[in-house]
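The values are calculated or read from the model by the stated rules, or taken from the named source; none is laboratory data. As the structure is a prediction and not an experimental result, all values here were calculated from the model. Cβ placement follows ideal geometry from the backbone for every residue including glycine, while neighbour counts extend to all protein chains displayed. For accessibility, only protein heavy atoms count, side chains too; no ligands or nucleic acids. Shrake-Rupley method; radii C 1.70, N 1.55, O 1.52, S 1.80 Å.
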Amino acid sequence: LTGVLDDCLCDIESIDDFNTFKIFPKIQKLQERDYFRYYKVNLKRPCPFWADDGHCSIKDCHVEPCPESKIPVGIKAGSSNKYSKAANNSKELEDCEQANKLGAVNSTLSNQSKEAFIDWARYDDSQDHFCELDDERSPDAQYVDLLLNPERYTGYKGPSAWRVWNSIYEENCFKPRSVYRPLNPLAPSRGGSCLLIVFFSWTGLCLEKRVFYKLISGLHASINLHLCANYLLEETWGKPRWGPNVKEFTRRFDPIETKGEGPRRLKNLYFLYLIELRALSKVAPYFERSVVDLYTGNGHEDAESKALLLDIFRDTKSFHMHFDEKSMFAGDKKGAKSLKEEFRLHFKNISRIMDCVGCDKCRLWGKLQTQGLGTALKILFSEKEIQSLPENSPSKGFQLTRQEIVALVNAFGRLSTSIRELQNFKVLLQQTR
């Protein structure tokens, strides 16, 4: 892949260099810190669109929840919004069990803090969300250590997996008129081969709908890259060996094998990277305020985590070829508002489809990356609210829950890893020629 991406003034080589030398090493370190490694998720929510076809029984599909005793006290002591030191108090930290019983609003908190929590909850229930959020108070919601449950190829495939992606693309995604995805390769087809019509034209599709399609295609490409890069190569005497699978990568992305579609998918990955990079640069003022701490209860760890996050924000703001989101929804106000709402509802529906994924590990990472992208979109459409944030008090106009923050950082970390893995595959392909 070379050259300039469509719909933006950025070239692939610049993104490769920026990601490799600035972002990737730092985002890897940040994801290892306690605040970002524990993600609360409900993997038992029923599929809202079709009858459950059963969960994957492959052992690598299993997700190991994290015991409560392992969760940092500052994370489990309160509601998802209480990520700052000001929103916790010492009595809660001394008695975690009591704090859990007290619920989202602790009677020992000041009136100002109570009002802030109410405002936050009201905002979270507003119509600005691009994702269907899990109820963290549900007894089925559990903390997962992301480092102990890495995203990789589990063997989950076939009709169940295809049904999820087909539903996303065919029912919830804006597409060019000439685009048809491959039919399910497991279904019988004429001549024994899968029908695939390559798409050429975006005629009649506005910028916003092109962007939406590219975001979903880029997310799909990124997930496929993770699976190719962390593939079960062999298992001898119960000891699995994971690593890059060049043959699988070629099958999914090679221009000849994919009828020219593979490179387009990878370009959409770069486009998605730019969108989330832009969101990080835009949300920086939110975290630069002294009132926001990445609170776990360990003061030294929290200070280091915030310093590293702010360092990453400085890098994102230094990037000189950002996507210009102001070009989106810039038509007449009524039409723009209607299109934005359609955009939001389509994406929210896709986040609900993630509850239909049969493999728990795939569901975990699908939900996290979808929520991360939804949070990025929420940020890009909240620029005015972010610019008017108060320095020393909670915001009434824009707020992120801890879950959204964790998803945003880890989702971008996955994209950064994808682009880094793509460089590795380039080397491996050269070695095999």
>> Looking only at the stretch 278-294, filter to residues that are modelled with pLDDT of 90 or more and assigned to a loop (DSSP other than H, G, I, E, B); which one of those is farthest from His322 (Cα to Cα)?
In response: Leu294
>> For the stretch 26-49: of the residues being modelled with pLDDT of 95 or more and among the polar types (S, T, N, Q), which is most open to solvent (accessible area, probe 1.4 Å)?
In response: Gln28
> Yes or no: Lys340 closer than 25 Å to Asp6 by Cα and open to solvent by 40 Å² or more (accessible area, probe 1.4 Å)?
Replying inline: yes
> Out of curiosity, is Thr316 buried (at least 21 other Cβ atoms within 10 Å of the Cβ) and more than 15 Å from the chain's Cα centre (by Cα)?
Replying inline: yes
> Does Arg265 meet the test of being open to solvent by 10 Å² or more (accessible area, probe 1.4 Å), in contact with a Ser or Thr (Cβ under 9 Å, 6 or more places away or on another chain) and part of a helix (DSSP H, G or I)?
Replying inline: yes
> How many residues are at pLDDT below 95, small (Gly, Ala, Ser) and either within 18 Å of His129 (Cα to Cα) or within 12 Å of the chain's Cα centre (by Cα) (or both) when one looks only at the stretch 393-423?
Replying inline: 2
>> Quick check on Ala284: is it open to solvent by less than 20 Å² (accessible area, probe 1.4 Å), under 25 Å from the mean Cα position of the chain (by Cα) and either farther than 19 Å from Val427 by Cβ or of a type in the set (Val, Ile, Thr) (or both)?
In response: yes
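Rundown of residues vs (1) at pLDDT 90 or above; (2) open to solvent by 60 Å² or more (accessible area, probe 1.4 Å), yes/no style:
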{"site": "Asp7", "(1), (2)": "no, no"}
{"site": "Phe24", "(1), (2)": "yes, no"}
{"site": "Asp60", "(1), (2)": "no, no"}
{"site": "Glu94", "(1), (2)": "no, yes"}
{"site": "Asn106", "(1), (2)": "no, no"}
> Does Leu373 count as open to solvent by less than 20 Å² (accessible area, probe 1.4 Å) and out of contact with any Cys (no Cβ under 6 Å at 6 or more places or on another chain)?
Replying inline: yes
> Do the conditions hold for Arg352, that is, is it within 22 Å of Asp6 (Cβ to Cβ) and charged (D, E, K, R)?
Replying inline: no
>> Just the residues that are aliphatic (A, V, I, L, M) and either free of Cβ contacts under 8 Å to residues at least 40 places away in the same chain or farther than 17 Å from Gly155 by Cβ (or both), please, taken from the stretch 229-255.
In response: Leu233, Val246
>> What pairs come out if I take residues in the stretch 341-361 that are within 14 Å of Asp134 (Cα to Cα) and pair them with residues that are among the basic types (Lys, Arg) and not in a loop (DSSP other than H, G, I, E, B) whose C-beta lies under 7 Å away, six or more apart or interchain?
In response: Met354/Arg363; Met354/Lys367
>> Filter the stretch 227-241 down to the residues that are modelled with pLDDT under 80 and not charged (D, E, K, R) and list them by number.
In response: Thr236, Trp237, Gly238
> Going by the structure shown, is Ser14 open to solvent by less than 40 Å² (accessible area, probe 1.4 Å), polar (S, T, N, Q), modelled with pLDDT under 95 and part of a helix (DSSP H, G or I)?
Replying inline: yes
>> Go through the stretch 115-172 and report how many residues are crowded, with 18+ Cβ neighbours inside 10 Å, modelled with pLDDT under 80 and touching a Pro at 6+ places or on another chain (Cβ under 8 Å).
In response: 2
> So which residues in the stretch 203-222 are within 29 Å of Thr250 (Cβ to Cβ), crowded, with 19+ Cβ neighbours inside 10 Å and either modelled with pLDDT under 80 or among the basic types (Lys, Arg) (or both), if there are any at all?
Replying inline: Lys214
> If you take the residues of the stretch 201-255 that are among the aromatic types (Phe, Trp, Tyr) and in a helix (DSSP H, G or I), which of them is farthest from Gln431 (Cα to Cα)?
Replying inline: Phe212
